[in-house]
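Here's the structure, in structure tokens; my notes come after.
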Amino acid sequence: MNFDVIKTLRLKVFVVIVCVTYALPALAEMQRLDDQELQGEIGQAGADFSLRLSLNHRSDYTFDTTVCSDLVYCRLGMSLNNRYHDGTQDTYDVNGVRTPSPTGRKQWLVFKGIQGTINIQQIALDGEDVVYGSTVQAAIKLGFTPTKPIEIRNFGFKSLSIETDTCTEANANCSVGVTNVPGYLTPATVYGGAGFDANNEKGFLGLNVNTNLSLTGSIKIFSCSSGHPRC
């Protein structure tokens with residue numbers, strides 16, 4: 001019986017060696033393709049992907065008061081160039097053209113309590129040729145499925161306000177000093193009571209969007225030359 005086992009093992013090892021020996025020439029047949037040969041090959045495979053963006057939200061799409069325990073750091077501030085609290089530092093030329101001074105206190109448009117979730121359930125990524133005139137141009141194609149809409153949940157901000165830098169130096173123009181507080185970091189002041197704005201930061205406007213955005217069709221992205229009317 002021992003001899004039979006040895007013979008069986010030898011037979012199995014021989015079969016494995018033969019299989020490997022026959023497989024090696026198949027790998028050796030792989031060859032490089034130059035640009036011309038590669039251009040002649042035709043094949044295509046797309047991909048579907050999804051994307052979910054969430055900002056300052058819990059899993060149930062509500063405002064995350066843990067992440068935003070300090071409301072100052074859940075804001076978006078925008079400041080326009082040369083926009084300051086007054087014009088006392090500005091200069092004018094002989095024609096009356098104003099040159100804004102860079103030394104005033106900046107004013108900020110501050111979006112307070114920013115939040116939102118955007119769930120893109122499916123985008124089809126593919127490739128397709130775009131033909132215009134006699135020109136054929138390769139393009140990236142993005143496709144959408146109307147039965148899988150883009151979900152927008154509780155997207156927006158709680159209040160909007162204009163805030164001004166706070167200065168600690170004597171001239172109050174924020175031209176010097178390192179302890180100045182920019183307007184977008186102005187300490188939070190919330191409404192009291194139990195009404196609609198209770199515990200929300202003070203401001204004059206809010207925005208909240210909840211919707212499903214159903215899209216159909218496709219978007220093609222491609223490079224083009226001066227021969228295309230839109231280039």
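The values are calculated or read from the model by the stated rules, or taken from the named source; none is laboratory data. Since we're looking at a predicted model, the values are computed, not measured. Positions of Cβ are backbone-derived with ideal geometry, glycine not excepted, and every protein chain shown enters the neighbour counts.
Please indicate, with yes or no, whether at least one residue in the range 136-152 is on the phi > 0 side of the Ramachandran plot, loosely packed, with under 15 Cβ neighbours inside 10 Å and at pLDDT below 85.
Of all residues in the range 136-152, those on the phi > 0 side of the Ramachandran plot come to none.
No, that holds for no residue.
When both residues are 6+ apart or on different chains and their Cβ atoms are under 7 Å apart, which pairs have a first residue that lies in the range 139-161 and is of a type in the set (S, T, Y), and a second that is surrounded by fewer than 19 Cβ atoms within 10 Å (Cβ to Cβ)?
Pairs that qualify, where the first residue is of a type in the set (S, T, Y) and the partner is surrounded by fewer than 19 Cβ atoms within 10 Å (Cβ to Cβ), are T145/Q122; S159/N200; S159/K202; S159/L205; S159/G206; S161/K202; S161/F204.
When you go through (1) surrounded by 13 or more Cβ atoms within 10 Å (Cβ to Cβ); (2) farther than 21 Å from R153 by Cβ; (3) modelled with pLDDT of 85 or more one by one for G217, which number turns out not to apply?
Answer for G217: the failing condition is (1).
Return the pair list, or none, for Cβ contacts closer than 7 Å from residues in the range 209-223 that are under 24 Å from S54 (Cβ atoms) to residues that are part of a loop (DSSP other than H, G, I, E, B), at least 6 apart or on different chains.
Within 7 Å, the pairs are N212/P149; L213/P149; S214/P146; S214/P149; L215/F144; L215/P146.
Could you say whether any residue in the range 111-120 is out of contact with any helix residue (DSSP H, G or I) (no Cβ under 9 Å at 6 or more places or on another chain), in a loop (DSSP other than H, G, I, E, B) and at pLDDT below 85?
For the range 111-120, residues out of contact with any helix residue (DSSP H, G or I) (no Cβ under 9 Å at 6 or more places or on another chain), in a loop (DSSP other than H, G, I, E, B) and at pLDDT below 85: absent.
Of all residues in the range 45-86, which are among the aliphatic types (A, V, I, L, M) and either more than 26 Å from I123 (Cβ to Cβ) or at pLDDT 90 or above (or both)? If you could, list the steps in order and put the result at the bottom.
Step one: filter the range 45-86 for residues among the aliphatic types (A, V, I, L, M), giving 45, 47, 51, 53, 55, 67, 71-72, 76, 78, 80.
Answer for the range 45-86, where residues must be among the aliphatic types (A, V, I, L, M) and either more than 26 Å from I123 (Cβ to Cβ) or at pLDDT 90 or above (or both): L51, L53, L55, V67, L71, V72, L76, M78, L80.
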